[in-house]
């Protein structure tokens, strides 16, 4: 790819598409005509396989086989089966990952569980501006546990040095949801371990987009999202990683029956499964799981290093083209310029960010807005083309140059922005 | 209907079907040929509308409209919209019910929240033999909170008198999952209030089957299941009821972003929605919600007293026919004989219960087994016929009389029993 100093030509991007080893995967997704979808980091696109898989779940497995499907169609095994498929995509062993609940619920489980691994410490360390639900969940846990927890929030630049001997758990999101800044997972985990702390990594903006090596980095606990880069559908269930060495010690506070060692014995006393299943809680939601499995299956056989490299290259082309072709627009890069510490999305700031994004969406370029002034563009490696980047920048340039985003209709805030 | 003393004839049951005001609803369900489905209390049958609703969600709303659907297809409003549809079926106001998470997760939320309403008390009172996940979740909460909670478990016969001045929360399942015994919700709630306690009712085996009047009974908090009588599909999301008077005071320990007063402001500090939305946690799972809405929509316009009356009559016919026609079989009624304190399922005990149920399922009569010796038969009022009861009892009689259940293949335990 070209560098930021020399923006690519359209011919360069046509050539990049022709050379793209992942190009054929785009055909596995049902993308609408007239849309350049740069929001797969918020809601992944629909795999063509999903509708048929869910229809089979509904018509045959549920409608015809009914309750028997827990055995005959292995519904009961779905959370661990899909977890095992996610494992190689994040550098985990198959028995270290399971699908359950939402990212918010799983964060609560893991941080409460991690506190139990460090009974003589009470500090939970995170950064301000972390994805809000992460902060909110930690605040809720701290409120519930009172004196047992001290929530310590330190800016990114000070965080590493704040990992002291009193820290029980370090909770960070690997790729930042706004800026796409990427923590050095191995470095922070190593520092945490040196101080005697446990790490919980939120992989929501990483998994399925960047190469991850949880075991290589020594990560203790992690969780991530099913509906972003894994294309599991709106509100898809989340996944949980528990390193093998913690599986017998980690206690979930949400000790529902599916995490029991023998749920169908219907005994009165909770006895946790001694493995990753202890992170299950209630009855698994099979519609969401089935769609998530179809999404995860799109990654079968892919090299995550190649996936990351394409996402980074798409983002690099976008940054250099925006800076070259929309130079007087008032857009300011809000993501790292260097690709290495960046995730698979790119953010720019603009005081009229909301209206500009609405005008872009009206023209078929779908990104999203994050208050107060961030335009966020996701570069999903599986179904975006390099020429999509060119076309998106051309439309962005038009929207800015024409001032069409100043139309009153683009200023009206929708419920979800 | 006939009484237990005089079992109905098949002609009586044909007449009962002809007179059944709910009979036409059966046509709205896709029931497999050759099956008498007596397990709708575990997994409700498939409404014919569901497949089309979910296909529209996937193909159009997700596939074509993508992220925009949170606004344009009102995904963001789905949890409250479906809650408002459930409300009249349980005697609640529309703004008192919302759909979120699993029953296990919701029980944790509500009991932790209820403890916060009684900061000077630490006893959580329940009964042994409650549905296991209820006990497990309470045990997990007690373990997490340590000295803050004393879990007190008292047998049903002693429970009312155990509601003392030190009790913070009474947690009971309205209809027992095994026996179908039904608590007097108004009586227990009144006693709890007299002692200064708060009530949390699990409606998993009641909602959609028996008439409920939560506000009439003065209930504080409740939750229930989407995948049993509401026919929301395997692992459908759960619903939560918070009486209006508690909505501003009740604090969910699972303070995820969807419960925030302004989730899309992306602020760092949690500020709960002042209404039922504060019980939301993570991003709602739209596949599960869409199927649940189709299931709940089957109840539109139905009178729940009529629904309950039919369920009770089906169960009464079953009991009297089993006792009359399988009299030397070794089956013992494990549910109340009188219909009023019974839910919509009927249980019998038999030492060979597992094998008998497997033999029945092989013959197309699908009920379920609950360890150690319970055969459980659900009588779902929306799609069962009185003649189904006759036919099921005839097959049960055959299975018992022939001894076919003694075949080795029926003794092999499946993963889910």
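The values are calculated or read from the model by the stated rules, or taken from the named source; none is laboratory data. Here the structure is a predicted model, which means the values were calculated and not measured. All Cβ positions, glycine included, derive from the backbone under ideal geometry; neighbour counts span all protein chains shown.
Of all the listed residues (A:355, A:371), the sole one being within 11 Å of chain B (Cβ to nearest Cβ) and closer than 20 Å to residue A:415 by Cα is A:371. Evaluated against (1) buried (at least 20 other Cβ atoms within 10 Å of the Cβ); (2) facing another protein chain (nearest Cβ under 7 Å); (3) part of a helix (DSSP H, G or I), residue B:55 falls short on exactly one condition, (1). As a summary of the residue check, residue B:19 satisfies the conditions (1) surrounded by fewer than 19 Cβ atoms within 10 Å (Cβ to Cβ); (2) within 13 Å of chain A (Cβ to nearest Cβ); (3) over 27 Å from residue A:368 (Cα atoms) except for the one numbered (2).
Which residues, counting only those in segment A:62-75, are surrounded by fewer than 24 Cβ atoms within 10 Å (Cβ to Cβ) and closer than 17 Å to residue A:294 by Cα? Listed by number, the residues that qualify are A:73, A:74.
Rundown of residues vs (1) within 16 Å of the chain's Cα centre (by Cα); (2) more than 13 Å from chain A (Cβ to nearest Cβ), yes/no style:
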| residue | (1), (2) |
| --- | --- |
| B:209 | yes, yes |
| B:228 | yes, no |
| B:251 | no, no |
| B:254 | no, no |
| B:262 | no, no |
| B:286 | no, no |
| B:297 | no, yes |
| B:304 | yes, yes |
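Just a yes or no: is a residue in segment A:256-275 modelled with pLDDT of 95 or more and closer than 19 Å to residue A:42 by Cα? No, that holds for no residue.
Per the conditions (1) over 30 Å from residue B:39 (Cβ atoms); (2) more than 9 Å from chain B (Cβ to nearest Cβ); (3) buried (at least 17 other Cβ atoms within 10 Å of the Cβ), the sole criterion not satisfied by residue A:27 is (3).
When each of A:372, A:381 is tested for being in a loop (DSSP other than H, G, I, E, B) and in contact (Cβ under 8 Å) with a residue 60 or more places away in the chain, the lone residue that passes is A:381. Residue B:194 passes every criterion in (1) touching a strand residue (DSSP E or B) at 6+ places or on another chain (Cβ under 8 Å); (2) more than 11 Å from every other protein chain (Cβ to nearest Cβ) apart from (1). Exactly one residue out of B:32, B:88 is surrounded by fewer than 18 Cβ atoms within 10 Å (Cβ to Cβ) and not in a helix (DSSP H, G or I): that is B:32.
Residues in segment A:6-58 that are without any contact (Cβ under 8 Å) to a residue 24 or more places away in the chain and touching a helix residue (DSSP H, G or I) at 6+ places or on another chain (Cβ under 7 Å): A:30, A:32, A:48, A:51, A:55. Being in contact (Cβ under 8 Å) with a residue 60 or more places away in the chain, more than 12 Å from chain B (Cβ to nearest Cβ), crowded, with 23+ Cβ neighbours inside 10 Å and in a helix (DSSP H, G or I): is that true of residue A:396 here? Judged against the criteria, residue A:396 is a match. When A:60, A:68 are screened for being within 13 Å of chain B (Cβ to nearest Cβ), in contact with a strand residue (DSSP E or B) (Cβ under 9 Å, 6 or more places away or on another chain) and either under 30 Å from residue A:263 (Cα atoms) or assigned to a helix (DSSP H, G or I) (or both), only A:68 passes. Determine whether residue A:46 is closer than 30 Å to residue A:377 by Cβ, modelled with pLDDT of 95 or more, touching a strand residue (DSSP E or B) at 6+ places or on another chain (Cβ under 7 Å) and at the interface with chain B (Cβ under 7 Å from one of its Cβ atoms). Spelling it out, residue A:46 is indeed closer than 30 Å to residue A:377 by Cβ, modelled with pLDDT of 95 or more, touching a strand residue (DSSP E or B) at 6+ places or on another chain (Cβ under 7 Å) and at the interface with chain B (Cβ under 7 Å from one of its Cβ atoms).
Scanning segment B:104-134 for residues that are surrounded by fewer than 24 Cβ atoms within 10 Å (Cβ to Cβ), at the interface with chain A (Cβ under 10 Å from one of its Cβ atoms), assigned to a helix (DSSP H, G or I) and at pLDDT 95 or above returns B:115, B:116.
Could you grab me the full set of residues in segment B:270-280 that are more than 7 Å from chain A (Cβ to nearest Cβ) and in a loop (DSSP other than H, G, I, E, B)?
Pass one, segment B:270-280, residues more than 7 Å from chain A (Cβ to nearest Cβ): B:271-280.
Listed by number, the residues that qualify are B:271, B:273, B:274, B:275, B:280.
Mind counting the residues in segment A:297-355 that are in a strand (DSSP E or B), touching a residue at least 40 places away in the same chain (Cβ under 8 Å) and either out of contact with any helix residue (DSSP H, G or I) (no Cβ under 6 Å at 6 or more places or on another chain) or not assigned by TED's automatic domain parsing to the domain that holds residue A:16 (or both)?
Let us first name the residues in segment A:297-355 that are in a strand (DSSP E or B), namely A:332-333, A:342, A:345-349.
Checking which are touching a residue at least 40 places away in the same chain (Cβ under 8 Å) leaves us with A:342, A:345-347.
Checking which are either out of contact with any helix residue (DSSP H, G or I) (no Cβ under 6 Å at 6 or more places or on another chain) or not assigned by TED's automatic domain parsing to the domain that holds residue A:16 (or both) leaves us with A:342, A:345, A:347.
Counting residues in segment A:297-355 that are in a strand (DSSP E or B), touching a residue at least 40 places away in the same chain (Cβ under 8 Å) and either out of contact with any helix residue (DSSP H, G or I) (no Cβ under 6 Å at 6 or more places or on another chain) or not assigned by TED's automatic domain parsing to the domain that holds residue A:16 (or both) gives 3.
Can you work out which of the residues in segment B:91-103 that are assigned to a helix (DSSP H, G or I) and either buried (at least 19 other Cβ atoms within 10 Å of the Cβ) or out of contact with any helix residue (DSSP H, G or I) (no Cβ under 7 Å at 6 or more places or on another chain) (or both) is nearest to the other protein chains (Cβ to nearest Cβ)? Quick ask: steps written out before the conclusion?
Going through segment B:91-103, the residues assigned to a helix (DSSP H, G or I) turn out to be B:94-96, B:103.
Still in the running and either buried (at least 19 other Cβ atoms within 10 Å of the Cβ) or out of contact with any helix residue (DSSP H, G or I) (no Cβ under 7 Å at 6 or more places or on another chain) (or both): B:96, B:103.
On the way: B:96: 21, B:103: 6 Å.
For segment B:91-103, the residue satisfying everything is B:103.
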